[in-house]
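Report on the structure given below.
The values are calculated or read from the model by the stated rules, or taken from the named source; none is laboratory data. Here the structure is a predicted model, which means the values were calculated and not measured. Positions of Cβ are backbone-derived with ideal geometry, glycine not excepted, and every protein chain shown enters the neighbour counts.
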Amino acid sequence: MLFAFAAAFAAPVEATPTHLRRQFAVAAEEAGVPDVVLLAVAYEASGLREHRQASTWGGRTMFDFVESDEVGGPDLERAAIAADADVDDVLADWRVATRAAAALLAEHARNQNGGELPAVTQLDAWQGAVAAFSGRQEPLLQAFYVEAIYTLLEGGFTAHTRWGELAVAPQDVTVNLAAPLPPGSTDYAGAEAWVPACEDNYSDYSRGGSSIDLIVIHTVQGSYSGCASWFANCSAGASAHYVVSDEGDVTQMVREADVAWHAGNWDYNERSVGIEHEGYVSDCSDYTDALYRGSAALASDIAARQGVPLDRSHFIGHDEVPDPDGSGYGGSGNHTDPGSCWDWDYYMSLVGGAVSGEVLGYVRADDIYNTEGNLVGASAWIAETGDTTTVGADGLYHFPDLAYGTYTVHASIEGYAEGTCTATLADTQKWCSIALLPGGGDTGSGDTGNDDTGADTGTDTGEGDTDTDGEGARPRIVRPGTPTPLDEVAGCDSAGQHPSWAWGLLAAVPLMRRRR
């Protein structure tokens, strides 16, 4: 059996994706595991690249193997033993690493199935083995990894390898998801997941908006799920507020009010929000359009809420952070991310385009919920900009293409007193309806901009009604306590402190994620 493997792996390397696929098929068949699962595991870890450069957390090879005394990745020594291979050979030859990964996956599957392997056609039956293969200790971090692998299988994926493009077709699998994000669990409404960093990896500061004037862009030097697992590992000594995948998904790991350890310069940590991006500095293909767009939507939202100016003096790369000892840049470790592959002009154009939206609302007689009281033809204007418009036949006024900010909308029509409402635009759309009362007295603040709550409470959440990811509008997700539009109402760098008591509440839900 070992002779057959040696013969297969000693064959001349063909510079085609067929060669890569065949080597995976050979290793998978010998170990008795599904080759598509093995491919998805390698794609998630490395994009099917035979890199020998270690990831940030020490992962090596195409499969992100880590030493046995480390956590957060598949066990290198255990995989070598399972394949009856030398560790150095696993590290040096991607074909041996593939064989070792297949053998380790099979070992975990047998351990979980009474010594038997599930059928290779029953992909869902391999989820437990994939969780164990991840090397992550916490059940919810294992679930995060399994979801990443099975989401890839469900949708299929295309890898751009040194052999050429390799495509894996969508598979009939079940993606097991954690509970939906609870209201208010993340600062960014567009986040896909909340995976809290270990409390030893950041400082609880409860910063206000005026304390933040920088957004720092990073590259993980590794995978999306691997980065999340690393920051959740208390031995990391590092963290970032957010991690963005090459598909544009966003996971929050540290509250913006707290100080993440990401810049390698304490003054910069205190002033900034850090965003990590999946991939490697040396590979420009890691910076996908989906990654740029997902990150830009996140960054523009942070800038609007925290008051960060939209320019390159306040959006910087890790490689622009001064080393505290004055020896250069990239923080204390002289990091080079995001590097020359990062397209700052394109990114900033996306950020600028993402920070505009629409303020709209009804102008109605007596009560904003008076559907028979539309005051068609009423004048509406914004005090801060001087923009004016007229209420249309549907009873609505519209002010499109407004920069994020706070606006006072006025409305008037003959026979009614002038009314106002205040809208804080921090998303693609903000409702701000006004009720006008008959007579000559000013109605004051109208409904204070809360027509979309279903009740005139006078409290503006600042949360808009739709979410976009830069590629068009997503279906709006209505959460408990989220305003509903009126027309939808039926009738790594410094020591820190442990987080506050509120952390305990968040830690109770360490992984909350919804389907992409």
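Key figures
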quantity	calculated
Complete set of residues in region 98-149 that are in contact with a strand residue (DSSP E or B) (Cβ under 8 Å, 6 or more places away or on another chain) and more than 30 Å from residue 196 (Cα to Cα)	100
Qualifying residue in region 384-395 (condition: under 30 Å from residue 306 (Cα atoms) and touching a Ser or Thr at 6+ places or on another chain (Cβ under 6 Å))	no
In region 258-275, the residues that are closer than 15 Å to residue 220 by Cα and either in contact with a Phe, Trp or Tyr (Cβ under 7 Å, 6 or more places away or on another chain) or at pLDDT below 95 (or both)	260, 261, 275
Within region 270-320, considering residues that are in a loop (DSSP other than H, G, I, E, B) and within 18 Å of the chain's Cα centre (by Cα), the one surrounded by the most Cβ atoms within 10 Å (Cβ to Cβ)	278
Of residues in region 355-378 being touching a helix residue (DSSP H, G or I) at 6+ places or on another chain (Cβ under 7 Å) and among the aliphatic types (A, V, I, L, M), the one farthest from residue 306 (Cα to Cα)	368
Hits in region 220-236 - residues which are more than 14 Å from residue 262 (Cβ to Cβ), in a loop (DSSP other than H, G, I, E, B) and touching a strand residue (DSSP E or B) at 6+ places or on another chain (Cβ under 9 Å)	223
Yes/no for residue 369 being in the same structural domain as residue 304 (by TED's automatic domain parsing) and in contact with a strand residue (DSSP E or B) (Cβ under 9 Å, 6 or more places away or on another chain)	no
Qualifying positions in region 391-437 - in a loop (DSSP other than H, G, I, E, B) and at positive phi	395, 415
Segments classed as strands (runs of 3 or more DSSP E), wholly inside region 114-219, with at least 2 members that are in the same structural domain as residue 318 (by TED's automatic domain parsing) and β-branched (Val, Ile, Thr)	214-217
Qualifying residue in region 21-39 (condition: assigned to a loop (DSSP other than H, G, I, E, B), of a type in the set (Gly, Ala, Ser), at pLDDT 90 or above and more than 14 Å from residue 95 (Cβ to Cβ))	yes
Condition check for residue 360: assigned to a strand (DSSP E or B), touching a His at 6+ places or on another chain (Cβ under 9 Å) and surrounded by 16 or more Cβ atoms within 10 Å (Cβ to Cβ)	yes
Within region 363-379, tally of residues that are surrounded by 18 or more Cβ atoms within 10 Å (Cβ to Cβ) and in a loop (DSSP other than H, G, I, E, B)	4
